[in-house]
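The block underneath contains the structure these notes are about, expressed in structure tokens.
The values are calculated or read from the model by the stated rules, or taken from the named source; none is laboratory data. If you're wondering where the values come from, they're calculated on a predicted model, not measured in any experiment. No Cβ is skipped: glycine too gets one built from the backbone with ideal geometry, and neighbour counts run over all protein chains shown. For accessibility, only protein heavy atoms count, side chains too; no ligands or nucleic acids. Shrake-Rupley method; radii C 1.70, N 1.55, O 1.52, S 1.80 Å.
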Amino acid sequence: MRYLLGAGYRVIPVRPLDCDEVLGVPCVASLAELDEPVDLVDVFRRAEHCADHAREAVAVGAGALWLQLGIRSEEARRVATDAGLDFVEDACTAVVHRRALR
């Protein structure tokens, strides 16, 4: 999150647990609480939670679902791609973004 904020992206932490803020940015408990378009849902949770997050991403009309490095979920992939979302798994957004800038 720190990297993406530093690169100029607007990042809203979504934390299902009680949390006021991350890196000074206020948290919301679910994607449904957002009142703005969502381009990318970047997931930092264990694989067993990813399909539910994929469903949430679909429900809010997100453009993409990204599962961070070390996270893979066939069910999340199916949910996301069946709904037309771009899907990435087992990759770090910061690493991919840095490579794209080269």
Distance in nm between Asp82 and Arg102 label points, each 7 Å along Cα→Cβ, equals 3.7
Give me the accessible area per residue for the stretch 22-82, probe 1.4 Å, as a whole number in Å². 57
Mind giving me the nanometre distance, one decimal, between the label points for Tyr3 and Val60, set 7 Å out from Cα along Cα→Cβ? 2.2
Antiparallel bridge percentage (DSSP; both residues within the chain; nearest 5): 20
Rounded to the nearest 500, what is the chain's calculated 222 nm mean residue ellipticity when only DSSP H runs of at least 4 contribute -39500 (n - 2.57) each, over all residues? -10000 deg cm²/dmol
What are the semi-axes of the equivalent ellipsoid for the stretch 1-82, taken as the square roots of 5 times the Cα gyration tensor eigenvalues, largest first, in whole Å? 20, 14, 13
Carbon and sulfur together cover what percent of the accessible area of the chain at a 1.4 Å probe radius? 51
